[in-house]
Amino acid sequence: MPDKIRMDSHKLIYHPETVAKWLRGENIYPIEIEISPSGACNHRCTFCAVDYIGYKPNFLSKDIVLRDVAHMSTRGLKSVICSGEGEPLLNRNLPDIANGIKSYGVDVAMSSNGALFTKDKLEECLKAFTWVRYSVASMEEKSYDAIQRGKPGDLERVKTNLAAAVEVKRRQQLTTTTLGVQCLLMPENAEQLPLMAKALKEIGVDYLTIKPYSQHLHSDHTWNIDYNGLLELEKEVTAYATEDFAVYFRANAMKKIHKGKCYKECLGLPFMTHIDAAGNVWPCIAHIGTERFSYGNVNDNTFEEIWNSQRRKDVVEALRKLDINKVCREACRLDEINKYLEELKHPGEHVNFI
């Protein structure tokens, strides 16, 4: 399967009008918003980047989410990812949130550990999603339980739910819904990845993506993994790829670990943002919980009011003054976007000779 979804790259090239407005210095609205429907989580993964928040039982209001999506869909918003600091499906209104977002012509996706995405919920809302990405550390029970630290039997529940998702997708003819599994490559699961690819291929999901652990500055978990010694797994794991099952071994992202960034500021912040389960709006997930970097709260003001506020301008200006190699995560989601924007803003020589 060819990489039509640009897993290890970026997609700003498909939004030239918005990028052009940004280059002219205009105030643009985000193309993508990531929301945390739930602050609570049914797992305590050893790799959790936002464990320091404390898995608080906060839940985003369906009415507030849909209020702002309805308005922002007319301002350039194209997608919403339900993910964040907790398990989205612990928010009992998640199916209605997903279907509501889709009804406004905005693409919606979800990252989930999959243990709660049962057949009844799949029947209710799978059709709304452009993609669902399951976070699964292993398909072997002992290592899965040790890494994800959920309830006994959760791996079997995930396998059952994955098979159910494949069945619902086929029966409802959801040709535009992509089902994927994401796995963080760690020493504890490295040997099992080839068998994981084989098992997922047999279940019938669309892809497996294997990515590196990226240390969050505030996380209580600290991992210092040498990915140079794990890159040789790529050939063995990708051997299971076919036209119907893709394996994305993100070697490019792995090679970024412990390497400095080639740009001095995060230029990609205007194009996306994050709303946590308590309604706080943040520049990105790297700064959740650092109060001085909060743009505002959607329970107090509309998203548009927050986005156009002086406070957001002040936060962005403050972030520009920080050393990006000290305050941001390695292999950040915005890394490829930042490289692209840096080149557009500071082009090299001979650019007219195409």
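If the condition is being among the basic types (Lys, Arg) and either farther than 16 Å from ILE275 by Cα or in contact with a Lys or Arg (Cβ under 7 Å, 6 or more places away or on another chain) (or both), then the stretch 291-310 contributes no residue at all.
State whether the residues of the stretch 20-42 include one that is at pLDDT 95 or above, among the hydrophobic types (A, V, I, L, M, F, W, C), surrounded by fewer than 19 Cβ atoms within 10 Å (Cβ to Cβ) and not in a loop (DSSP other than H, G, I, E, B). Yes, that holds for at least one residue.
The one condition from (1) under 21 Å from ILE31 (Cβ atoms); (2) polar (S, T, N, Q); (3) open to solvent by 30 Å² or more (accessible area, probe 1.4 Å) that ASN338 does not meet is (3).
Yes or no, residue by residue, for (1) closer than 28 Å to ILE225 by Cα; (2) touching a helix residue (DSSP H, G or I) at 6+ places or on another chain (Cβ under 9 Å):
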{"site": "LYS259", "(1), (2)": "yes, no"}
{"site": "CYS262", "(1), (2)": "yes, yes"}
{"site": "ILE275", "(1), (2)": "no, yes"}
{"site": "ILE285", "(1), (2)": "yes, no"}
{"site": "ILE288", "(1), (2)": "yes, yes"}
{"site": "ASN299", "(1), (2)": "no, yes"}
{"site": "THR302", "(1), (2)": "no, yes"}
{"site": "ILE306", "(1), (2)": "no, yes"}
{"site": "ARG312", "(1), (2)": "no, yes"}
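Residue-wise test of (1) at pLDDT 95 or above; (2) out of contact with any Leu (no Cβ under 9 Å at 6 or more places or on another chain).
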{"residue": "THR178", "(1), (2)": "yes, yes"}
{"residue": "MET196", "(1), (2)": "yes, no"}
{"residue": "GLU202", "(1), (2)": "yes, yes"}
{"residue": "PRO212", "(1), (2)": "no, no"}
{"residue": "LEU217", "(1), (2)": "no, yes"}
{"residue": "ASN224", "(1), (2)": "no, yes"}
{"residue": "GLY229", "(1), (2)": "no, yes"}
{"residue": "LEU233", "(1), (2)": "no, no"}
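I'd like the full set of residues that are open to solvent by 20 Å² or more (accessible area, probe 1.4 Å) and β-branched (Val, Ile, Thr), limited to the stretch 152-202. If the condition is that a residue be open to solvent by 20 Å² or more (accessible area, probe 1.4 Å) and β-branched (Val, Ile, Thr), then THR160, THR175, THR176, THR178 are the ones that fit. For the stretch 232-254, does any single residue satisfy the condition of being farther than 30 Å from ILE28 by Cβ, in a helix (DSSP H, G or I) and hydroxyl-bearing (Ser, Thr, Tyr)? Scanning the stretch 232-254 turns up at least one residue that is farther than 30 Å from ILE28 by Cβ, in a helix (DSSP H, G or I) and hydroxyl-bearing (Ser, Thr, Tyr). In the stretch 178-191, the residues that are farther than 18 Å from LEU126 by Cβ form Cβ pairs under 9 Å with partners that are open to solvent by 10 Å² or more (accessible area, probe 1.4 Å) and β-branched (Val, Ile, Thr), at six or more places apart or across chains, as follows: LEU185/ILE225; MET186/THR46; MET186/ILE225; PRO187/ILE225; GLU188/THR46.
A quick yes/no check of all residues on (1) crowded, with 19+ Cβ neighbours inside 10 Å; (2) over 23 Å from LYS211 (Cα atoms); (3) within 22 Å of the chain's Cα centre (by Cα):
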position	(1), (2), (3)
GLU232	no, no, no
LYS255	no, no, yes
CYS262	no, no, no
LEU267	yes, yes, yes
PRO270	yes, yes, yes
ASP276	yes, yes, yes
ALA286	yes, no, yes
THR290	no, yes, yes
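Does LEU195 satisfy being in contact (Cβ under 8 Å) with a residue 40 or more places away in the chain and farther than 26 Å from GLU34 by Cβ? Yes, satisfied. Of everything in the stretch 82-117 that is among the charged types (D, E, K, R) and under 18 Å from TRP131 (Cβ atoms), the residue that is farthest from the chain's Cα centre (by Cα) is LYS102. In the condition set (1) assigned to a loop (DSSP other than H, G, I, E, B); (2) under 27 Å from GLU141 (Cα atoms), LEU89 is compliant with all but (1).
The values are calculated or read from the model by the stated rules, or taken from the named source; none is laboratory data. Nothing here was measured: the structure is a model prediction, and the numbers come from that model. Ideal geometry is used to build each Cβ from the backbone, glycine not excepted, and the neighbour counts take in all protein chains shown. Surface accessibility is based on the protein's heavy atoms, side chains included, excluding ligands, DNA and RNA. Shrake-Rupley method; radii C 1.70, N 1.55, O 1.52, S 1.80 Å.
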